[in-house]
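The block underneath contains the structure these notes are about, expressed in structure tokens.
The values are calculated or read from the model by the stated rules, or taken from the named source; none is laboratory data. Fair warning: this is a prediction, and the values are worked out from it, not measured in the lab. Counting neighbours? That spans all protein chains shown, and the Cβs are built from the backbone with ideal geometry, glycine included. These accessible areas exclude ligands, DNA and RNA; they are computed on the full protein's heavy atoms, side chains included. Shrake-Rupley method; radii C 1.70, N 1.55, O 1.52, S 1.80 Å.
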Amino acid sequence: MSDTPFLEVKHLTQRFGGLQALTDINVDLKKGEIAGLIGPNGAGKTTVFNLVSGFYVPTEGDIFFKGKRISGLKPHVIASMQIGRTFQNIRLWSDMTVLDNICISQQYRLCYGVLAPFFHTKKYKAEEKKIHDEAWALLEKFNLADKALDYPRNLPYGVQRRVEIARALSLNPDLLMLDEPAAGLSTSDLAELISYIRWIHEKFGVTIWMIEHQMEVIMTLCDTIQVVNFGKEIARGTPEEIQKNPEVIKAYLGNGEID
């Protein structure tokens with residue numbers, strides 16, 4: 001694992017009108033690690049993800065990915081730079097099949113002209129077939145091929161989560177950002193999710209950065225954890241260090257320890 005930051009966030013500050021959402025947030029992810037970003041509700045975690053993935057433009061500060069400045073770039077440009085992202089609320093196209101959900105995420109790769117789909121040119125057919133075949137192959141890797149022609153709205157919540165993560169991985173990302181992957185899952189599903197994320201990390205060699213409220217998931221998977229509260233960093237360290245940190249305990253519970 002390299003000591004050079006893979007993702008580097010410098011002095012990130014975000015204001016929405018008179019609301020100060022983030023103040024001087026710094027991040028330095030290493031390539032190949034699994035890192036966590038945690039904090040109470042409203043702490044600013046998803047705002048950080050939205051800034052890094054291009055949904056917001058920083059009020060102050062800079063964001064670098066693999067040494068390139070990405071602050072303020074559009075989401076589709078950032079995605080094309082091999083950053084994949086899921087959302088707290090699942091954002092699948094419910095009226096499209098699982099297969100089509102995977103295929104549509106690849107549209108940025110297509111380089112045929114605007115008229116090609118109307119005339120079904122040879123180049124159009126070849127590129128569409130390539131994306132279709134790659135989507136099938138990815139679903140097979142994720143044991144989702146039997147759900148390829150189903151509609152997400154008809155699938156169990158846990159399977160929808162897997163489809164969303166598979167769609168993010170269809171971008172062939174070097175960095176995978178997971179926003180509360182355990183949201184909505186039952187306690188019995190957590191062990192399966194942990195195994196699933198660990199398999200993704202090993203199989204795809206992807207760096208994973210996750211927001212999560214389920215401490216079992218964070219403490220089991222993460223190499224390092226950063227904690228924010230009221231838009232400011234209050235701690236960072238290993239899972240063991242975070243569990244014993246007085247500021248973190250106070251932020252979450254007021255007293256006692258994090259389980």
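Of the residues making up segment 82-89, at least one is within 20 Å of I200 (Cα to Cα), under 18 Å from the mean Cα position of the chain (by Cα), at pLDDT 90 or above and among the polar types (S, T, N, Q).
The residues in segment 8-32 that are closer than 14 Å to R236 by Cβ and open to solvent by less than 50 Å² (accessible area, probe 1.4 Å) can be counted, and the count is 6. With the condition kept exactly as written, say whether any residue in segment 153-164 is at pLDDT 95 or above, surrounded by 20 or more Cβ atoms within 10 Å (Cβ to Cβ), within 16 Å of the chain's Cα centre (by Cα) and more than 19 Å from I83 (Cβ to Cβ). Within segment 153-164 (the criterion being at pLDDT 95 or above, surrounded by 20 or more Cβ atoms within 10 Å (Cβ to Cβ), within 16 Å of the chain's Cα centre (by Cα) and more than 19 Å from I83 (Cβ to Cβ)), the answer is no, since none of the residues qualifies.
For the criterion of being surrounded by fewer than 15 Cβ atoms within 10 Å (Cβ to Cβ) and of a type outside the set (F, W, Y), D95 passes.
Which residue is most open to solvent (accessible area, probe 1.4 Å), if the candidates are limited to segment 33-65 and must be in contact with a Ser or Thr (Cβ under 6 Å, 6 or more places away or on another chain) and part of a strand (DSSP E or B)? Result: E60. Checked against (1) over 30 Å from A21 (Cα atoms); (2) at pLDDT below 90; (3) open to solvent by 50 Å² or more (accessible area, probe 1.4 Å), G113 meets all criteria but (3). Taken together, K123, K141, K129 contain a single residue that is open to solvent by 50 Å² or more (accessible area, probe 1.4 Å), within 22 Å of I83 (Cβ to Cβ) and not aromatic (F, W, Y), which is K141. Filtered by the rule that a residue be under 23 Å from D100 (Cβ atoms), over 12 Å from the mean Cα position of the chain (by Cα) and in a helix (DSSP H, G or I), segment 165-196 gives a lone residue, Y196. Annotation note: Cβ proximity below 8 Å between a residue of segment 20-44 that is over 17 Å from K10 (Cβ atoms) and polar (S, T, N, Q) and a residue that is open to solvent by less than 10 Å² (accessible area, probe 1.4 Å) and outside any strand (DSSP E or B) (sequence gap 6+ or interchain) occurs for Q20/G231.
Taking segment 66-83 as the search range and keeping residues that are part of a strand (DSSP E or B) and free of Cβ contacts under 8 Å to residues at least 60 places away in the same chain, which one is farthest from A251 (Cα to Cα)? That would be K68.
Listed by position, the strands (runs of 3 or more DSSP E) inside segment 197-245 whose residues that are open to solvent by 50 Å² or more (accessible area, probe 1.4 Å) and under 24 Å from L169 (Cβ atoms) number at least 1 are 224-229.
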